Amino acid sequence: MSYSNIENKLNSGDIVLLDGGMGAELENLGASMDKDLWSGRCSIDEPDIVYKAHQNFINSGADIITTNTYASTPISMREYGYEHHIEEWNNASVNIAKSVANNSDREIAVAGSVSTYGSWDKIEPKYLKPGFIQQINILSNAGVDLIILEAMTSSTRTIESLLDSSAQFDLPVWLSISCALDRKSNKLMLGYQESLNNSEAFFYDDFVSTIIKFKDIHNGPILIAHSDIKVANQAVMIAKKNYGGIVGVYPNNGFFKKPNWNVIESISPKDYLEEAQQWVDNGAQIVGGCCGISPNHIKALSNLKN
């Protein structure tokens, strides 16, 4: 494993493929979703299924697989009574991903997912920061190639705390944020709405202003994630216009109703590729999928490399 291969691709203007939605793929393969930690227990309870999910995305063409640590945040594990297993469970997820990557016939990078799961925007950043640092430290020591700060559904203040927490580590850091459409003003906002038709929208800040602000405090790739496919292209154009660095996108397909992901507005792999071609045409270099995006969708995206 090495990040240098990914870095070379990005510097050469090539397309880098992320994996798809890990939780939904685990469900598809028969894994049980925990009522509190969603897919967080799978790396301990059903490691073979986690291995298979990673393998499916690699077989579909993904250059990067993401550790099953999105829901294994220290704050969520403490909240639900698993505080003595924080290091064990996060290490297990990294070890599974590294094993799959090492057994691949291609060079695959492993991204360590660090999220705000269990805290969202309910808690003051100063109380969140120790947990962010703890998880990044565990993933870093376990040997991930990069960190993805999956700050979807988070406000600017929480995202700033995540970025500040990651600054002390010598690893590439990618930032993922979500957006939602304010239908009244027809403006894109930093916020979240998994499905325009089936989810309530929550707004934090103007999306343009947010991207400009992050430009001053982050120099790694910025990715639009966990947002409805219908707003992805507009988000990419805004990010590309207002941010000087690499831009990426991995939207979702469906919506979450705890503890399961519901795919009811299914988009075919062919149609997903057509949408993704627009993202690439407008400047996205990193493309993948969030919840509800399957290995078949990622396989379709492999055509973007041609």
**Q.** Whichever residue in the stretch 231-259 is of a type in the set (D, E, K, R) and in contact with a strand residue (DSSP E or B) (Cβ under 8 Å, 6 or more places away or on another chain) and, among such residues, is modelled with the lowest pLDDT
**A.** Lys258
Q.
I'd like the full set of residues that are within 16 Å of Ile217 (Cα to Cα), within 15 Å of the chain's Cα centre (by Cα) and outside any strand (DSSP E or B), limited to the stretch 168-194.
A. Pro172
Q) So is Asp121 surrounded by fewer than 23 Cβ atoms within 10 Å (Cβ to Cβ) and at pLDDT below 90 or not? A) yes
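Which residues, taken from the stretch 98-120, are part of a loop (DSSP other than H, G, I, E, B), at negative phi and not polar (S, T, N, Q)? Before you say what the answer is, go through the steps one by one.
Here is the first cut: in the stretch 98-120, the residues part of a loop (DSSP other than H, G, I, E, B) are 103-108, 116-120.
Now narrow it down to the ones that are at negative phi: 103-108, 116-117, 119.
If the condition is that a residue be part of a loop (DSSP other than H, G, I, E, B), at negative phi and not polar (S, T, N, Q), then Asp105, Arg106, Glu107, Ile108, Tyr117 are the ones that fit.
To keep it simple, each residue is scored yes or no on (1) surrounded by 20 or more Cβ atoms within 10 Å (Cβ to Cβ); (2) modelled with pLDDT of 95 or more; (3) not β-branched (Val, Ile, Thr).
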site	(1), (2), (3)
Gly23	yes, no, yes
Gln55	no, yes, yes
Ile58	yes, yes, no
Pro74	yes, yes, yes
His84	no, yes, yes
(Q) So, Asp63, is that one acidic (Asp, Glu), at pLDDT 95 or above and buried (at least 21 other Cβ atoms within 10 Å of the Cβ) or not? (A) yes
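Looking at Met33, Met1 in this structure, which one is in contact with an Asp or Glu (Cβ under 9 Å, 6 or more places away or on another chain), at pLDDT below 95 and closer than 29 Å to Ser119 by Cα? Write out each step before concluding.
Working: Met1 fails: closer than 29 Å to Ser119 by Cα.
Testing whether each residue is in contact with an Asp or Glu (Cβ under 9 Å, 6 or more places away or on another chain), at pLDDT below 95 and closer than 29 Å to Ser119 by Cα leaves just Met33.
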Q: Could you tell me whether any residue of the stretch 140-158 is of a type outside the set (A, V, I, L, M, F, W, C), part of a strand (DSSP E or B) and either crowded, with 18+ Cβ neighbours inside 10 Å or at negative phi (or both)?
A: yes
Q.
Just to be sure I understand, how many residues within the stretch 169-205 are surrounded by 17 or more Cβ atoms within 10 Å (Cβ to Cβ), at pLDDT 85 or above and more than 21 Å from Ser113 (Cα to Cα)?
A. 5
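Looking at the stretch 208-230, which of the residues that are of a type in the set (Val, Ile, Thr) and touching a strand residue (DSSP E or B) at 6+ places or on another chain (Cβ under 9 Å) is modelled with the lowest pLDDT?
Here the residue is Ile229.
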Q. For the stretch 58-74, what are the residues that are among the hydrophobic types (A, V, I, L, M, F, W, C) and either in a loop (DSSP other than H, G, I, E, B) or more than 14 Å from the chain's Cα centre (by Cα) (or both)?
A. Ile58, Ala62, Ala71
Q) Of the conditions (1) under 24 Å from Ile65 (Cα atoms); (2) buried (at least 23 other Cβ atoms within 10 Å of the Cβ); (3) in contact with a Leu (Cβ under 9 Å, 6 or more places away or on another chain), Thr210 fails just one. Which one is it? A) (1)
Q.
Regarding the stretch 25-35, can at least one residue be identified that is buried (at least 22 other Cβ atoms within 10 Å of the Cβ) and in contact with a Leu (Cβ under 9 Å, 6 or more places away or on another chain)?
A. no
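Taking the stretch 27-57 on its own, how many of its residues are in a loop (DSSP other than H, G, I, E, B) and either without any contact (Cβ under 8 Å) to a residue 24 or more places away in the chain or touching a helix residue (DSSP H, G or I) at 6+ places or on another chain (Cβ under 9 Å) (or both)? Steps first, answer last, please.
Initial filter on the stretch 27-57 (in a loop (DSSP other than H, G, I, E, B)): 29-33, 35-37, 39-41, 46.
Checking which are either without any contact (Cβ under 8 Å) to a residue 24 or more places away in the chain or touching a helix residue (DSSP H, G or I) at 6+ places or on another chain (Cβ under 9 Å) (or both) leaves us with 29-33, 36-37, 39-41, 46.
Number of matching residues: 11.
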Q.
Need pairs with beta-carbon distance below 6 Å; first residue in contact (Cβ under 8 Å) with a residue 40 or more places away in the chain and within the stretch 1-14, second part of a loop (DSSP other than H, G, I, E, B); sequence gap 6+ or separate chains.
A. Met1/Asp145; Tyr3/Asp145; Tyr3/Pro172; Asn5/Glu107; Leu10/Ile246; Leu10/Gln285
Q. In the stretch 264-299, which residues are among the small types (Gly, Ala, Ser) and either crowded, with 22+ Cβ neighbours inside 10 Å or touching a His at 6+ places or on another chain (Cβ under 6 Å) (or both)?
A. Ala276, Ala284, Gly288, Gly289, Gly292, Ser294
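The values are calculated or read from the model by the stated rules, or taken from the named source; none is laboratory data. The structure displayed is predicted, hence computed values, not measured ones. A quick note on method: Cβ atoms are made from the backbone with ideal geometry, for glycine too, and the neighbour counts reach across all protein chains shown.
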